[in-house]
Amino acid sequence: MELDEAVEQCHEAWRAFVTGDPGPAQAVFSHGDDVTLANPWGPPWRGWAQVSQALASAAARYRDGQMLSHDEVSRHVSADLACLLETERFLARVGDRAEAIPFALRVTTVYRREGLDWRLVHRHADAITTPQLSDIALGLGYLSG
């Protein structure tokens, strides 16, 4: 599978993910001990057992989601590794909320060639998609003068 196909397969997986289905996302990840995930719902996870469980837990928070866009910011590719930076935008119901909430995530995804295919080996997603004051981003609040 070529990298562009792997990226599109990953995008399809996140479309299912925001509806509450972790299966396709779990399928695009490498199942190795070195796979990592850092998502907005918890600490970083390492190893397939932890990553798989974290994906299932995070997907269970979403209902009736609709992926709006994957906006690619940059792509770096070598023979066996690729790194993409994207902004994902979607709507989803979370928990018991009746209305869908808009989400925008800054996402870094690292793919590794495994045999003939590209597999996800790292994903980091967070909600920082707009400029932040450095003190606020560090949790220090606003420091004056």
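Tabulated data for the structure shown
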read-out: Efficiency of FRET from Cβ geometry, GLN9 and TRP41, R₀ 35 Å, rounded to 0.05; value: 0.95
read-out: Accessible-area composition of the stretch 3-58, carbon plus sulfur, in percent [1.4 Å probe]; value: 53
read-out: Additional length obtainable on full extension of the chain from VAL94 to MET1, 0.36 nm per residue less Cα span; value: 30.1 nm
read-out: Vicinal HN-Hα couplings computed from phi for the stretch 79-95 (Karplus, 6.51 cos²θ - 1.76 cosθ + 1.60; Hz; Gly/Pro x); value: 4, 10, 9, 9, 10, 10, 10, 9, 10, 9, 10, 8, 10, 7, 7, 10, x
read-out: Per residue solvent-accessible surface (Å²) - the stretch 1-75, probe of 1.4 Å; value: 50
read-out: 0 to 90° range, to nearest 10: angle between helix 48-59 axis and the chain longest Cα axis; value: 50
read-out: Phi to ³J(HN,Hα) by Karplus 6.51 cos²θ - 1.76 cosθ + 1.60 over the stretch 14-21, Hz, x for Gly, Pro; value: 6, 4, 6, 4, 6, 9, x, 9
read-out: GNM result for the chain, Cα springs below 10 Å: residue of LEU85, LEU116, LEU55 fluctuating most strongly; value: LEU116
read-out: Largest to smallest principal axis extent of the C-alpha atoms in the chain, angstrom; value: 55, 39, 27
read-out: Helical mean residue ellipticity (222 nm; -39500 (n - 2.57) per DSSP H run of 4+; nearest 500) of the chain; value: -7500 deg cm²/dmol
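The values are calculated or read from the model by the stated rules, or taken from the named source; none is laboratory data. Values in this document were obtained by computation on a predicted structure and should not be read as measured data. A quick note on method: Cβ atoms are made from the backbone with ideal geometry, for glycine too, and the neighbour counts reach across all protein chains shown. Surface accessibility is based on the protein's heavy atoms, side chains included, excluding ligands, DNA and RNA. Shrake-Rupley method; radii C 1.70, N 1.55, O 1.52, S 1.80 Å.
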